[in-house]
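Visitor: Let me give you the structure first, and then I'll get to my questions.
Every number here is computed from the coordinates shown, using simple stated rules; none is lab data. Computed from a prediction, not measured in an experiment: that's the story for all the values here. Cβ placement follows ideal geometry from the backbone for every residue including glycine, while neighbour counts extend to all protein chains displayed.
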Amino acid sequence: MTNSLQRDLILSKWAAPRAERADNARTEGGCLSRDEALRLIEHADLGELLRAASTSRDRGKGRIVSYSKKVFIPLTHLCRDYCGYCTFRTDPKLGVAAYMTPDEVLAVAEAGARAGCKEALFSLGDQPERIFPEAGEALRRLGYERTLDYLAAMTELVLKETGLLPHANPGVMGAHDLARLRGSNVSLGLMLENVSPRLKQRGGAHWRAPDKAPALRLRTIEEAGRQHIAFTTGILIGIGETLAERVDSLLAIRRLHDEHGHIQEVLIQPFRAKADTRMAGAAEPSFEDLQQTIAVARLIFGPEMNVQSPPNLVADDYPQLLEAGLNDWGGISPVTRDFINPEAAWPQIPMLAKRTAEAGFELKERLAIYPEFARRAEFVDEHVRPFLSRHLDAGFYARAS
Ligand code: SF4
């Protein structure tokens, strides 16, 4: 069989509707295989790949592209990791508070609520108290031992006082932390980034980043599945990984999702070189590379998965990412900047709606938990359910405010 014939067969087979895919899986012993995914990411004609991915997305999601209106709460910038691309993290600094206070957290959340946000996205550094005594002292003054203890208290505070729905991204979490955060978050997240242990070698993107050990991150994602937590994860592309490692990372997420059914979104994020980081001079992935990876992710996960890539990291070209089969723009804030990528402004929501419509899609607001998970009782803690219900419309998207 020629390479191009093989490729055509792969593309048509995996863009198929669910029933046919299930037939393929039964008769061919699984979903898109590693070899097939590798052939697509390494050799597929980009136009053909995008068409197959778009067809798959349309079959599962129609022409709806979702986003979440969020306010960003950077609880602490302290982090025990030193990822080579990060501008979010800091070491303790004299005269700079280590953590936001409860009053500051509430003030930001209330500003978000007034602006119509429904999601409170808590992003923070990973376990700073394990290496910085200053972090431990600041936590004790606030009445807590660990950052994750303080986070659980703050997500509960925001839920109760503002009705915003927390979604926390605090890094690696153990079973106990996940269970506690489940009681005040509608969903949780942890980027897998990549499964390659190579990236942890001296000088690599994850050198001096103990929490970026792939096994630790996979364990957190798996435990979230055991606990029925709607979970957001994904990969960061262009940080020194090979295409095979990208595919392996997506397949690792798929394996966990196949087992637990809890992955609500797969995010494909392009690396951006930022001044004052170790990787300031590293090459960024091209737009086509990003499209190719999104498309392969769509075909690996199939029509039903929510595939996201942020519109603010590709400047004005972002509507063309829709051609690669994504169906979500992620969280957009009308209030706070993107603290992870402070150089990249989010598009205004009316402009996002206009550009999305011009590309032939309808922009629709979702909550921090996707409709297919919001409707399932086992994925929402009883304590959170009444707060969630206030924001839901009949289709389990965000109720118009
Ligand atoms: S990317 Fe996350 S884990 Fe890595 S240094 Fe930044 S805040 Fe810490």
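Visitor: For the stretch 328-388, give the magnitude of the charge dipole about the Cα centre (Cβ charges: +1 Lys/Arg, -1 Asp/Glu; no others), in debye to the nearest 20.
Guide: Details: 8 positive and 10 negative charges, 35 e Å.
Using Cβ point charges on Lys, Arg, Asp and Glu, the stretch 328-388 gives about 160 debye.
Visitor: Can you tell me, using C-alpha contacts under 8 Å and at least 6 residues apart, the relative contact order of the stretch 58-205 as a whole percent? Kindly include the intermediate steps, with their values, before the conclusion.
Guide: Numbers: 213 pairs, mean separation 35.7, N = 148.
Answer for the stretch 58-205 is 24 percent.
Visitor: So how do 383-396, 315-328 stack up, highest first, on mean other-Cβ count within 10 Å?
Guide: Working: 383-396: 14.6, 315-328: 20.2.
Order by mean packing, descending: 315-328, 383-396.
Visitor: A further question follows. By how many nm would the segment from E284 to R255 grow when fully extended, if each residue of separation counts as 0.36 nm and the alpha-carbon distance is taken off?
Guide: Numbers: separation 29, 0.36 × 29 = 10.44 nm, distance 2.84 nm.
Separation in residues times 0.36 nm, less the Cα-Cα distance, equals 7.6 nm.
Visitor: By its C-alpha gyration tensor, with a ≥ b ≥ c as the square roots of the eigenvalues, how is the stretch 35-97 shaped: rounded for a/c under 1.5, else prolate for a/b larger than b/c, else oblate?
Guide: Values: a/c = 5.14, a/b = 2.00, b/c = 2.57.
Note, shape of the stretch 35-97 comes out oblate.
Visitor: Another question about this same structure. What percentage of all Cα-Cα pairs in the stretch 317-401 are separated by more than 22 Å? List each step's numbers first, then the result.
Guide: Details: 1394 of 3570 pairs.
Here the long-distance tail beyond 22 Å is 39 percent of all Cα pairs in the stretch 317-401.
Visitor: Compute the helix-to-body angle for 349-358: its Cα long axis versus the longest principal axis of the chain, expressed 0 to 90° and rounded to tens.
Guide: 0 degrees
Visitor: Strictly over 24 Å apart at the Cα level, which of K93/K274; K69/K274; K70/K93; K70/K160; K61/K212 would you flag in this model? If you can, show how the numbers build up before the last one.
Guide: On the way: K93/K274 21 Å; K69/K274 26 Å; K70/K93 29 Å; K70/K160 17 Å; K61/K212 32 Å.
Violating the 24 Å Cα-Cα cut-off are K69/K274; K70/K93; K61/K212.
Visitor: Along the charge dipole of the chain, which of I263, G204, F379 sits closest to the positive end, that is, farthest toward it, with unit charges on the beta carbon of Lys, Arg, Asp and Glu (+1, +1, -1, -1)?
Guide: Farthest along the dipole direction, towards plus: F379.
Visitor: Among A98, Q292, Y150, pick out the residue whose Cα is farthest towards the positive end of the charge dipole of the chain, where Lys and Arg carry +1 and Asp and Glu carry -1 on C-beta, about the Cα centre.
Guide: Y150
Visitor: I would also like to ask the following. Over the Cα atoms of the stretch 99-157, what radius of gyration and what Dmax do you get, in Å?
Guide: That works out to 12.5, 38 Å for Rg and Dmax.
Visitor: Mind checking the angle between helix 214-226 and the chain's longest principal axis? C-alpha axes, 0 to 90 degrees, to the nearest 10.
Guide: Tilt of helix 214-226: around 90 degrees.
Visitor: So what's the projected area for the stretch 263-391, the Cα convex hull averaged over all directions, in nm²? Write down the numbers at each step before the final one.
Guide: Details: hull surface 38.7 nm².
That works out to 9.7 nm².
Visitor: Continuing with the same structure: Applying a 10 Å radius around every beta-carbon, put 282-289, 297-304, 173-180 in order of their mean neighbour count, most first.
Guide: In decreasing order of mean packing, 282-289, 297-304, 173-180 become 297-304, 173-180, 282-289.
Visitor: Counting C-alpha atoms alone, how compact is the chain: give Rg to one decimal and Dmax as a whole number, in angstrom.
Guide: Over the chain's Cα set, Rg and Dmax evaluate to 20.4, 68 Å.
Visitor: Using alpha-carbon pairs under 8 Å, 6+ residues apart, how would you state the relative contact order of the chain in percent?
Guide: 23 percent
Visitor: Here is a follow-up. Give the percent of DSSP beta bridges with both residues in the chain that are antiparallel, rounded to the nearest 5.
Guide: Given both bridge residues lie in the chain, the antiparallel proportion sits at roughly 5 percent.
Visitor: Can you tell me which of G60, G183, G203 moves the most in a GNM of the chain? Springs connect C-alpha atoms under 10 Å apart.
Guide: G203
Visitor: Right, next: How much length is gained if the chain between Q320 and K200 is pulled fully straight, taking 0.36 nm per residue apart and subtracting their Cα-Cα distance, in nm to one decimal? If you can, show how the numbers build up before the last one.
Guide: Working: separation 120, 0.36 × 120 = 43.20 nm, distance 3.30 nm.
Gain on stretching Q320 to K200: 39.9 nm.
Visitor: Hey, what angle do you get for helix 133-142 against the long axis of the chain, alpha-carbon based, 0 to 90 degrees rounded to 10?
Guide: Rounded to the nearest ten degrees, it is 70.
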